[in-house]
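FYI, it's all coordinate maths here, none of it is from the lab. Computed from a predicted model, the values in this text were never measured in an experiment. Note that we place each Cβ from the backbone using ideal geometry, even for glycine, and neighbour counts take in every protein chain shown.
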Amino acid sequence: MKFAELINRRYSVRSYKDTPVDDKKILQILEAARLAPSAVNFQPWHFIVIKKTENLVKLHNAYQRDWFKTAPVVILACADHSQSWKRSIDGKDSAEIDVAIAIDHLTLQAAELGLGTCWVCNFDTQRSAEALKLPGYIVPVAMIPLGYPEEEKIPPKKRKQLEEIVHWEEFKQHYS
């Protein structure tokens, strides 16, 4: 599959079949995340794969949406602030940026394998951290539901035009 086709194939899936996801596919998806670049190659991430019903319910309590409960797998992507690179000039911590890059690799690999994902960032991070017994330096960044999409049709993407987001040589405001 060509890259342009792959990025158009990936979308935020909000309804999943109850078909189990094979561990081999999950490992292939996690390998794609593992190979993502990170600042100074510190790789400050951890991915917790949740498949057991009792643990999925704990995450459902952190994000109480009915559609979220349809995913047979959830991957909790976490930043390890004890391992991340910090910019010396202002202390900017790269952990969450690095995790986001890895998540993007993960979601694209899932799409190539015919699986759907959705970035979920609007969740109770404290509740998820407590449920999964995370140490304080491990911070939940996103929950990624994973499974086979209920719908076969890929919805059209709603994106701004390039002219609205690209600036040549200097920033010029395009809207008032």
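In this calculation the C-beta distance from Arg87 to Lys17 is compared with R0 = 35 Å, giving a FRET efficiency of 0.20.
Amide H contacts of Ala142 (H built 1.01 Å from N, in plane; Pro and chain starts excluded): Ala77 sit under 5 Å, all sequence-distant by 5 or more or on other chains. What FRET efficiency comes out for Glu170 versus Met1 if R0 is 35 angstrom and r is the Cβ-Cβ distance? Round to the nearest 0.05. Efficiency, rounded to the nearest 0.05: 0.40. For a 19 Å ceiling on Cα separation, which of these pairs sit above it: Lys25/Lys52; Lys24/Lys52; Lys24/Lys51; Lys92/Lys133? The answer is Lys92/Lys133. Can you give me the distance in nm between label points at Gln126 and Asp104, each placed 7 Å from the Cα along the Cα-to-Cβ direction? If labels sit at Gln126 and Asp104, their model points lie 3.2 nm apart. Couplings 3J(HN,Hα) for segment 135-141, derived from phi with the Karplus relation 6.51 cos²θ - 1.76 cosθ + 1.60 (θ = phi - 60°), are x, x, 7, 9, 10, x, 9 Hz, where x marks Gly and Pro. D for segment 1-95, whole µm²/s, Stokes-Einstein with Kirkwood Rh over alpha-carbon pairs at 10 °C and 1.306 mPa s: what number? The Stokes-Einstein estimate is 100 µm²/s. Counting charges near Asp18 (Lys, Arg +1; Asp, Glu -1) among other residues having Cβ under 11 Å from its Cβ returns a value of +1. Ranked by how many other Cβ atoms sit within 10 Å of their own Cβ, fewest first, the residues Val13, Val120 fall in the order Val120, Val13. Other residues with beta-carbon under 9 Å from the beta-carbon of Ala36 carry, at +1 per Lys or Arg and -1 per Asp or Glu, a net charge of -1. Computed from phi, the 3J(HN,Hα) profile of segment 64-81 under the Karplus parametrisation 6.51, -1.76, 1.60 (θ = phi - 60°) reads 8, 10, 4, 4, 4, 6, 7, 6, x, 9, 10, 10, 8, 8, 10, 9, 9, 6 Hz, with x in place of Gly and Pro. Computed about its Cα centre, the charge dipole of the chain is approximately 280 debye, with only Lys, Arg, Asp and Glu carrying charge at their Cβ. Each of Thr53 and Glu31 was given a label point 7 Å from its Cα along the Cα-to-Cβ line. The distance between the two points is 3.2 nm. Here segment 112-128 and segment 146-168 have alpha carbon centers that stand 17 Å from each other. Stokes-Einstein diffusion of the chain at 10 °C, 1.306 mPa s viscosity, Kirkwood radius from Cα pairs, rounded to a whole number: 91 µm²/s. When DSSP beta bridges are restricted to pairs lying wholly in the chain, around 95% turn out antiparallel.
Taking Cβ atoms as reference points and 13 Å as the exclusive limit, the residues near Gln173 contribute a net charge of -2, counting Lys and Arg as +1 and Asp and Glu as -1.
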